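*Asks:* The following block contains the structure, expressed as structure tokens.
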Amino acid sequence: MTNHKHLRTVIEDIYSNGNKLTEELTARLIHEFRYSNLYIPSKKEDNKLNFIIYEDDDSKLTPLFTDLDEFRKFYKDEDVRALQNPFELYQNVLKTTDIEGYILNPASEKYLFKKEFILAINNIPKTDFYTTNPYSEEELLNMKRSVDNKNLERFIENRANIGDFEGLFEQMANSQLFALMLSDLKLNKEMISLKKSGPVAAMYTDNVGGIYATLFTSERKMDAVKTKKYKYSQLVNLATLVNFILTEDMDGLIVNPESDNVLVPRTTLLRYSLGFEMYANDERLSESMFYLFRIE
């Protein structure tokens, strides 16, 4: 469960800068808000859950919280519930009520965000990557069998391209990448449906110096990862994975960990996140998360 550590870090940096918003701090703050899923307090009254509103200097404000620990610091009453919502909902609340702003973590940071600032944030990311026309099992299996990312691998191997994230993302958008899935179970079928077996595997993450999602250009590249668990591959919609990294407060992405180790930090993913939605979003892969492939 996310605790919005990156959003809190930006706010700490703003405090350290004398509460002055530089262009760089403003950009970081806006990016983190876009992908936030903050908590709001609510109370049941007349069989309805209502948000709690406070009046401060004739302004109507509502607290928001980065995590449940911060929520419990401020609210001790059991009849107050925490509801977690995407940032877009909090914009809609300001549009449809007389609430004039939010106070973030009132027991700690007590940072006030006025209505004008919140509503000025645009380009809100997608929250739904599903389609009514996903690839069939046969199409996914054929896609897996025909994956060829040689152009991307050549780009990565060329040391002159180190730091060229635009070039890297263009290559990735035109590739079909894999996630490495780890399981305690040995599954013999070439294609395993998680709809039938249940959640028997979890995505491999790199936890050195942070929490990083990982992607692989081929199943061969997965050999470098040492583990006692059984390995399986999974086709990935790149836009969905980037969205997951950012909304789950992860630190970034590593392509081909333990071999090429191409690290893409969170700040870079945030900067290019809308580009992934536009150019690396194959929504027909929405069902791919329910299938594993045996690694030959």
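*Asks:* Computed FRET efficiency, Cβ-Cβ of S16 and N261, R0 35 Å: what is it to the nearest 0.05? Walk me through the numbers on the way to the answer.
*Replies:* Details: r = 31 Å, r/R0 = 0.90.
Taking R0 as 35 Å, the efficiency between S16 and N261 is 0.65.
*Asks:* Based on alpha-carbon centroids, what's the gap between the range 1-73 and the range 224-247 in Å, whole number please?
*Replies:* 30 Å
*Asks:* Provide the net charge surrounding I211, with neighbours chosen by a C-beta distance below 15 Å and charges set as Lys +1, Arg +1, Asp -1, Glu -1. Kindly include the intermediate steps, with their values, before the conclusion.
*Replies:* Details: positive: K5, R266; negative: D206, E248, D249, D251.
Overall, the nearby charge balance is -2.
*Asks:* Quick one: Karplus J couplings for the range 181-193, per residue in order, coefficients 6.51, -1.76, 1.60, θ = phi - 60°, nearest Hz, x for Gly and Pro?
*Replies:* Working through the residues one at a time gives 10, 10, 9, 7, 9, 8, 10, 8, 5, 5, 10, 10, 8 Hz.
*Asks:* Follow-up question, since we're still on this one. Expected output is a single nm value to one decimal: the length gained when fully extending between E157 and Q84, i.e. 0.36 nm times separation in residues minus the C-alpha distance. What is it?
*Replies:* Details: separation 73, 0.36 × 73 = 26.28 nm, distance 4.23 nm.
The E157-Q84 span can extend by a further 22.0 nm.
*Asks:* What is the sum of charges around L238, taking Lys and Arg as +1, Asp and Glu as -1, for the other residues whose C-beta is under 12 Å from the C-beta of L238?
*Replies:* -4
*Asks:* So what's the gap between the Cα centers of the range 248-291 and the range 128-189, to the nearest angstrom?
*Replies:* Computed from Cα coordinates, the inter-centre distance equals 10 Å.
*Asks:* Please give me, ordered by residue number, the trypsin sites (Lys or Arg not before Pro) of the range 190-267 that lie in loop per DSSP and have at most 16 other Cβ atoms within 10 Å.
*Replies:* Values: sites: K195, K196, R220, K221, K226, K228, K229, K231, R266; in loops: K226, K228, K229.
When the trypsin sites (Lys or Arg not before Pro) of the range 190-267 are filtered for loop state and at most 16 Cβ neighbours within 10 Å, K226, K228, K229 remain.
*Asks:* Can you list the trypsin sites (Lys or Arg not before Pro) in the range 66-137 that are in a DSSP coil and have 15 or fewer other beta carbons within 10 angstrom? Kindly include the intermediate steps, with their values, before the conclusion.
*Replies:* Numbers: sites: R72, K73, K76, R81, K95, K110, K114, K115, K126; in loops: K76, K110, K126.
Listed in order of number, the matching sites are K76, K110, K126.
*Asks:* Across the range 210-219, in residue order, what do the Karplus-derived ³J(HN,Hα) couplings come to in whole Hz, using 6.51 cos²θ - 1.76 cosθ + 1.60 with θ = phi - 60° and x for Gly and Pro?
*Replies:* These are the phi-based 3J(HN,Hα) values: x, 10, 10, 5, 10, 9, 10, 7, 7, 5 Hz.
*Asks:* Taking the Cβ of each residue in R284, R8 as the centre, tally the other Cβ atoms inside 10 Å and list the residues starting with the fewest. Numbers along the way, then the final one.
*Replies:* On the way: R284 16, R8 20.
Fewest to most other Cβ atoms nearby, the residues stand as R284, R8.
*Asks:* With r as the distance between the Cβ atoms of K195 and K226 and R0 = 25 Å, compute the FRET efficiency 1/(1 + (r/R0)^6) and round to 0.05. Mind showing how you got there, number by number?
*Replies:* Numbers: r = 30 Å, r/R0 = 1.21.
So, using R0 = 25 Å, E works out to roughly 0.25.
*Asks:* Normalised by the residues of the range 154-215, what does the relative contact order come to in percent, with Cα pairs under 8 Å and at least six apart? It would help to have the intermediate numbers written out before the result.
*Replies:* On the way: 41 pairs, mean separation 17.6, N = 62.
Rounded, it is 28 percent for the range 154-215.
*Asks:* Sort T62, T217, T267 by Cβ crowding within 10 Å, fewest neighbours at the top.
*Replies:* Working: T62 20, T217 27, T267 15.
Result, fewest neighbours first: T267, T62, T217.
*Asks:* Got a sec to turn the phi values of the range 261-267 into Karplus ³J(HN,Hα) couplings, 6.51 cos²θ - 1.76 cosθ + 1.60 with θ = phi - 60°, whole Hz, x for Gly and Pro?
*Replies:* 6, 7, 9, 10, x, 4, 4
*Asks:* Only Cα pairs within less than 10 Å get springs; with that Gaussian network setup on the chain, which residue of T214, T96, T240 has the largest fluctuation?
*Replies:* So, out of T214, T96, T240, the one fluctuating most is T96.
*Asks:* Once amide H atoms are built 1.01 Å from N in the peptide plane, which residues 5 or more positions from V262, or in another chain, come under 5 Å H to H?
*Replies:* Result for V262 returns V255.
*Asks:* Sticking with this one: Of K5/K114; K48/K95; K5/K196; K150/K189; K126/K189, which pairs sit farther than 30 Å apart, going by alpha carbon to alpha carbon?
*Replies:* K5/K196; K126/K189
*Asks:* Among the chymotrypsin sites (Phe, Trp or Tyr not before Pro) within the range 119-224, which fall in a DSSP loop and have no more than 14 other Cβ atoms within 10 Å of their own Cβ?
*Replies:* Qualifying residues, ordered by number: Y130.
*Asks:* When the helix-only estimate is applied to the chain (DSSP H runs of n ≥ 4, each -39,500 (n - 2.57), divided by the residue count), what is the mean residue ellipticity at 222 nm, nearest 500 deg cm²/dmol?
*Replies:* On the way: 11 runs with 101 residues, N = 296.
After summing the helix terms and dividing by residue count, I get -9500 deg cm²/dmol.
Each value in this text was obtained by applying a stated rule to the coordinates, not by laboratory testing. Because the structure is a prediction, the values reported are computed rather than measured. When we count neighbours, we look across all protein chains shown, and the Cβ atoms used for this are built from the backbone with ideal geometry, even at glycine.
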